[in-house]
Amino acid sequence: MGTPHAVCLPYPAQGHITPMLNVAKLLHARGFDVTFVNTEYNHARLVRTRGAASVAGIPGFRFATIPDGLPPFDDDVTQDIPSLCRSTTKTCLGLFRRLLANLNDPATGRPPVTCVVSDVVMGFSIDAAKELGLPYVQLWTASATRFLCYRLLMSRGHAPLKDVKQLTSGSLDTPVEEEVLRNIRIPNFIHAAMDPDDYMGEVVAAIDALGMVPKVYTVGPLPLVEREDPPTPRSSISLSLWKEREGARVRRTNCWYQCNEWGVGVEIHSNVRRDAVASLVTELMDGEQGKEMRRKAREWRDKALQAGAPDRRPTAISMSCSATCFCPKTR
């Protein structure tokens with residue numbers, strides 16, 4: 001057999017691109033030829049933000065692009081998510097199919113495509129893979145805890161909501177009996193996807209389908225598993241769409257677990273006040289809560305390092321808080 005060739009297709013948002021890139025780099029390190037597919041819009045953002053060298057690739061690892069179907073837009077901002085979901089669902093199958101055909105052209109001098117690794121939300125790509133008889137793998141890019149929470153919310157009927165009136169009727173304040181869900185914040189897309197044709201119905205459907213696949217493999221914690229020491233040219237590949245000063249974004253479920261389960265975070269009211277911030281900072285720097293948080297952070301760090309060690313199989317830590325699910329889809 002020749003060199004295997006994986007085509008990696010993330011959903012075009014930063015929180016999906018980064019874990020898919022980690023997986024792509026792991027595949028490349030294990031002998032795969034890799035084609036990483038960005039949208040044309042994100043490709044242009046990367047060039048403006050990080051320079052052309054960021055998408056130049058290295059031997060056996062290249063970048064390709066497909067349009068996202070939206071009108072041209074030059075600003076360096078996250079695209080409108082509803083519009084992006086609708087557009088990729090409706091327009092990207094043919095574009096991705098054409099890309100696969102081009103990659104398989106012998107004139108390119110590259111190995112033919114042997115598998116497709118796609119974000120679980122980019123469900124259209126399975127049809128393109130089936131047409132070529134290619135194995136297809138789905139990547140769930142969030143943590144295992146988020147997946148379990150979403151599945152529980154859906155299985156208990158808490159989501160998706162059936163009527164827009166539920167947003168104001170008080171039903172969102174209904175206590176949830178499961179300990180793992182207590183006090184948790186329901187993500188916007190879960191309670192927004194009331195219409196089967198709604199843009200985030202794709203996400204809800206993906207979560208539901210993910211629970212049905214026969215095999216699920218944990219491949220995290222990806223940042224640790226993917227790290228190379230000493231560094232190689234592959235180590236320098238990074239696809240940050242955001243300029244450094246723009247800061248980080250926090251997901252609701254992760255925030256709840258950081259504060260209530262893992263003991264490594266504190267929450268502040270959305271109505272931020274100077275005295276409240278000062279009080280929290282003082283407690284974290286000098287108080288007992290801060291000491292306990294630092295102890296917990298060291299504990300989780302050690303467990304994560306153990307889970308990511310080359311000679312270790314996935315452990316409880318990789319399943320409970322930092323895993324990414326790698327889900328084969330049968331033909």
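The values are calculated or read from the model by the stated rules, or taken from the named source; none is laboratory data. For clarity, every value in this text was computed on a predicted model and none was experimentally measured. No Cβ is skipped: glycine too gets one built from the backbone with ideal geometry, and neighbour counts run over all protein chains shown. The accessibility values were calculated without ligands, DNA or RNA, using every heavy atom of the protein model including side chains. Shrake-Rupley method; radii C 1.70, N 1.55, O 1.52, S 1.80 Å.
Here are some notes:
- Total residues in region 34-73 satisfying the condition of being within 23 Å of residue 5 (Cβ to Cβ) and more than 22 Å from the chain's Cα centre (by Cα): the figure is 4.
Each row is one residue, and each column tells you yes or no for (1) open to solvent by less than 50 Å² (accessible area, probe 1.4 Å); (2) modelled with pLDDT of 50 or more.
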{"residue": "276", "(1), (2)": "yes, yes"}
{"residue": "281", "(1), (2)": "no, yes"}
{"residue": "290", "(1), (2)": "yes, yes"}
{"residue": "297", "(1), (2)": "yes, yes"}
{"residue": "303", "(1), (2)": "no, yes"}
{"residue": "328", "(1), (2)": "yes, no"}
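- In region 1-26, the qualifying residues are those that are closer than 19 Å to residue 76 by Cα and of a type in the set (A, V, I, L, M, F, W, C), and the one that is surrounded by the fewest Cβ atoms within 10 Å (Cβ to Cβ) is 13.
- Positions within region 27-56 being touching a residue at least 60 places away in the same chain (Cβ under 8 Å), touching an Asp or Glu at 6+ places or on another chain (Cβ under 8 Å) and surrounded by fewer than 20 Cβ atoms within 10 Å (Cβ to Cβ), in sequence order: 29, 49
- Here residue 109 meets each of (1) touching a residue at least 24 places away in the same chain (Cβ under 8 Å); (2) at positive phi; (3) not β-branched (Val, Ile, Thr) with one exception, condition (1).
- With respect to the conditions (1) under 20 Å from residue 23 (Cα atoms); (2) open to solvent by less than 10 Å² (accessible area, probe 1.4 Å), residue 135 lacks only one, and its number is (2).
- Verdict on residue 265 being farther than 25 Å from residue 217 by Cα, modelled with pLDDT under 60 and of a type outside the set (Asp, Glu): no
- Within region 4-27, the set of residues being at pLDDT 95 or above and in contact with a Lys or Arg (Cβ under 8 Å, 6 or more places away or on another chain) comprises 5 only.
- Residue check for residue 64: open to solvent by 50 Å² or more (accessible area, probe 1.4 Å) and among the small types (Gly, Ala, Ser): no
- Matching residues in region 200-223 - criterion: being open to solvent by less than 40 Å² (accessible area, probe 1.4 Å) and at pLDDT 65 or above: 218, 219, 220, 221, 222
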